[in-house]
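This report refers to the structure that appears directly beneath it.
The values are calculated or read from the model by the stated rules, or taken from the named source; none is laboratory data. All values reported here derive from a predicted model rather than from experimental measurement. Backbone-built Cβ (ideal geometry, glycine too); neighbour counts: all protein chains shown. Accessible surface areas use protein heavy atoms only, side chains included; no ligands, DNA or RNA. Shrake-Rupley method; radii C 1.70, N 1.55, O 1.52, S 1.80 Å.
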Amino acid sequence: MPVSTSATATGLCAFVDASPSPFHVVRTVAAELAAAGFTELPESRPWADAGVGRYFVVRGGSLVAWAGAAADAAGAFRVVGAHTDSPNLRVKQHVDLAIAGWQMVALEPYGGVLLNSWLDRELGVSGRLTVRSGKGMGHTLVRIDEPLLRVPQLAIHLAEDRRGVTLDPQRHVNAVWGVGDEPRSLLDYVAERAGVAADDVLGWELMTHDLSPSRLVGRDLDLVSAPRLDNQGTCYAGLQAFLAAAESAGAVTPVLAMFDHEEVGSQSERGAQSDLLPAVLERIVLARGGGRSEYLAALAGSVCASGDMAHATHPNYPERHEPLHRIRVNGGPVLKVNQNLRYATDAVGTAAFALACAEAEVPLQRYVHRADLPCGSTIGPMTAARTGMPTVDVGAPQLAMHSARELMGAHDIPAYAAALAAFLTP
Ligand code: ZN
């Protein structure tokens, strides 16, 4: 019997709308985990009892959760990985400008933004503030869902040619938020909305988000139009899969690993190149009474599915796709293979995911990028290199990856979650 999950397209829409920044993704996931009986463990304390039971760890915009049912210190893990960040426009340090009677906010792109898609949208602000607290500091999440900012396009009559302008990430993505000759302080405004004194704000990671709600679209309402589907589509499906797997966990421990900073290379204290995942897995083994040998034995029996969204074949640009590897929206989960290891997939990982799709009774599509186009990458090669686990890169198909507004199939969400749940419960 396939493990059944409660993943739905409308559930995905609610998840995305609740999660404008990586910090909010983690908060959304943590709330669902807590409701399912999971306990958050602080990294700064020893974990005596963490081997068996339901736990998670938060490190900034990253989170790792596990459901240990067996106390075998050398027992294997099944890991579903994802990333919590998405390309967007972020707030600079010196942020306030006044130009030609406009009050402006200085923004810069994070990751590979399709800049044109951010123009002429009503944008809110979210992220976290690091705030003075006594002699130390604390974090405050902030989220302003009001149409504060807008990056206006240049009128077609002013463009160098009538097909529009080439956008410069330094000059063309600053936002207007008022009228007047004096700059106004965005940081003061955000601090007030967050309920903290502006003078106490020491640092910030603030970003913008499109305020249009996610929704089902198309004649048959079988498509999802939403921001941040790359990679909140996997965060949501992976979470639902993990919650279902936790109910039927056996000798193999299911793990959900969600990383920040994938869109900018994953090299940070909480990215997929960090020690986060290996440190958590080792501490689980130690809490079960094992040592280094048991840890290495556990890794040797483990497998990781790196979940990230996949490219559906674009109907207006079919020639941009590998002709033997057409990918259909609402056609099922996608296996991603790249001979130059932009994806970590090998034959062992492929077999594990193919078995999972068969168990879940969902079709499996196989993707290869055109050999004459540069292929994007994922967290997969990094977690594979950090842990030594056979790894398979998988995803759900979508269009318009890295647009402010992406498009995927409504039926792919439950299919993707079912495949991941089966993968987590071999
Ligand atoms: Zn991605």
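Brief remarks follow.
- Residue match in region 324-339 (condition: open to solvent by 20 Å² or more (accessible area, probe 1.4 Å), under 16 Å from the mean Cα position of the chain (by Cα) and within 16 Å of the ligand (Cβ to nearest atom)): no
- For region 73-116, a tally of residues being of a type outside the set (Lys, Arg) and away from the ligand (no atom under 16 Å from the Cβ) returns 26.
- Failed item in (1) open to solvent by 20 Å² or more (accessible area, probe 1.4 Å); (2) more than 21 Å from THR425 (Cα to Cα), with ALA69 passing the rest: (2)
- Per the conditions (1) open to solvent by 10 Å² or more (accessible area, probe 1.4 Å); (2) more than 13 Å from the ligand (Cβ to nearest atom); (3) in contact (Cβ under 8 Å) with a residue 40 or more places away in the chain, the sole criterion not satisfied by VAL264 is (2).
- Residue match in region 135-155 (condition: at positive phi and modelled with pLDDT of 95 or more): no
- When region 243-261 is filtered for residues that are part of a helix (DSSP H, G or I) and open to solvent by 10 Å² or more (accessible area, probe 1.4 Å), the ones remaining, listed by number, are LEU243, ALA244, ALA246, GLU247.
- Every pair of residues 6+ apart whose Cβ atoms lie under 6 Å, when the first sits in region 296-323 and is under 30 Å from ALA76 (Cα atoms) and open to solvent by 30 Å² or more (accessible area, probe 1.4 Å) while the second is of a type outside the set (Lys, Arg) and not in a helix (DSSP H, G or I): ALA297/ALA74; GLY301/ALA76
- GLU269 farther than 30 Å from ARG90 by Cα and either assigned to a loop (DSSP other than H, G, I, E, B) or at pLDDT 95 or above (or both): no
- Residue selected from region 163-185 under the condition in a strand (DSSP E or B) and of a type in the set (A, V, I, L, M), by the criterion least open to solvent (accessible area, probe 1.4 Å): ALA175
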